[in-house]
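Contents: one structure, followed by commentary.
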C-alpha cells in the first residue's frame, strides 16, 4: 500500500519575485471513525467492539482533560500529545499579555512505531 499524493505549484509569499516551485501534497483516501477503530481493535483482541469503542471515547475525554491542565500525555511507543502556542512578541516581559497569544494547537510527536511506519512509506502520484 502507498500514500497517494499530488503536486501543486506555489510561490514563496515572502519572496514573490522568485519563481514558483512544485510541492507534494498527501491525498486522503477516506476517513476512519471512532466506531471503525473500535471494531478494528476488537478484531485484534479479546475485547468486544462496544467495550473497545467505550475505551476510545473515554481516552478522548481523558486526553482532553490532561492537555487542558498543561500536561504532556505520553502514550508509550504510539507517541505523545502536548499543547503548543504561537504568539506575537512583546517588547518586554512586563508588556506581554494573553491577547498576544494567536494560535493554540495540539502537537503530536510520533513514537517508535509511527516513526518506523513513516520511514517505510511508499508513495504513488495521482
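Between 108, 81, 96, the residue with the greatest mean-square fluctuation in the GNM of the chain (Cα pairs under 10 Å linked by springs) is 96. Remark on the chain: Rg and Dmax equal 20.4, 60 Å (Cα only). Helix-only estimate, please: 222 nm mean residue ellipticity of the chain, summing -39500 (n - 2.57) across DSSP H runs of length 4 or more and dividing by its residues, to the nearest 500. After summing the helix terms and dividing by the residues of the chain, the value is -9500 deg cm²/dmol. Separation of the range 59-126 and the range 21-51 by C-alpha centroid, Å? If we compute the Cα centre of each part, the gap is 20 Å.
None of the figures in this text is laboratory data; all of them are computed from the coordinates on show. Given the structure is predicted, the values throughout are model-derived calculations rather than measurements.
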